[in-house]
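Report on one structure; see the data block that follows.
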């Protein structure tokens, strides 16, 4: 579109079937964020033929600007609708627990909305456990369990017959907390169970496509600035980001 003098205007490009060289390339995530459900993305370039370089160069420069935005924060390419997700990288759990809380569910619902609009995206899900807080919490739960079992009273007591003496039964003494150990294997299992619960909620309760959620087998034991009893989230691309749509394949044929 140009003004009546033919000097100013807006070029509207509709790209289809543009794929990155690999899923790890610098353009993979920007392209996934720009691409809609039909496998297309549009690019608007304001063109002033009097003062600006040729349209082709302007188009290249506009795409470079998009890549720069993506390097700062990929969500800048998804528009203001999803800017609330740009700093969301964790789902927190109570120490020693794997129950997904309501705030975590609400966050995952937002990610599902993002993937509905940009189906070439995916969410990597990695479980994390805190070697201090989670270990102490698991020790306390283990101690409560052992104590509860030790204090169980039989449902019926055997009464002595006349002239019979029943010997005193030894009282079970629960171990001290210092004697209860939680090894790294148990912590890693806790971390994985957290990640699995996140994945299961997304693909079962939310009905999300499994291609949009990547459950990582590798977990982490962390003591960093962020509470370690959590699941880490990372927006990336899925296998579909490297595939043409059926319609694009038909057009090629």
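A short reminder: the numbers here are calculations on the coordinates, not readings from a lab. Model, not experiment: these values are computed from the prediction. Note that we place each Cβ from the backbone using ideal geometry, even for glycine, and neighbour counts take in every protein chain shown.
Structure notes:
- Prolate is the label for region 22-91, because the ratio a/c of its alpha-carbon gyration tensor axes (a ≥ b ≥ c) is 1.5 or higher and a/b is greater than b/c.
- Site pair residue 16 and residue 43 shows an inter-label distance of 1.7 nm when each label is modelled 7 Å from Cα along Cα→Cβ.
- For the peptides 112-121, 131-140, residues were scored by their other Cβ atoms within 10 Å and the scores averaged per peptide; the highest-first order is 112-121, 131-140.
- Sites residue 220 and residue 143, calculated FRET efficiency, Cβ-Cβ separation with R0 22 Å, nearest 0.05: 0.25
- Region 47-146: C-alpha gyration tensor shape, a/c 1.5 cut-off, then a/b vs b/c: prolate
- FRET efficiency for residue 110 and residue 59, using Cβ-Cβ distance with R0 set to 25 Å, rounded to 0.05: 0.20
- Measuring r between the beta carbons of residue 200 and residue 24 and using R0 = 22 Å, the FRET efficiency lands at 0.20.
- With the convex hull of its Cα atoms as the shape, region 73-130 has an orientation-averaged projected area of 4.5 nm².
- Separation of region 7-34 from region 187-228 is 30 Å, based on Cα centroids.
- Once both labels are positioned 7 Å from their Cα atoms along Cα-to-Cβ, the gap between residue 136 and residue 94 label points is 1.7 nm.
- Spin-label pair residue 184/residue 102, simplified geometry with 7 Å Cα→Cβ offset, distance in nm: 3.9 nm
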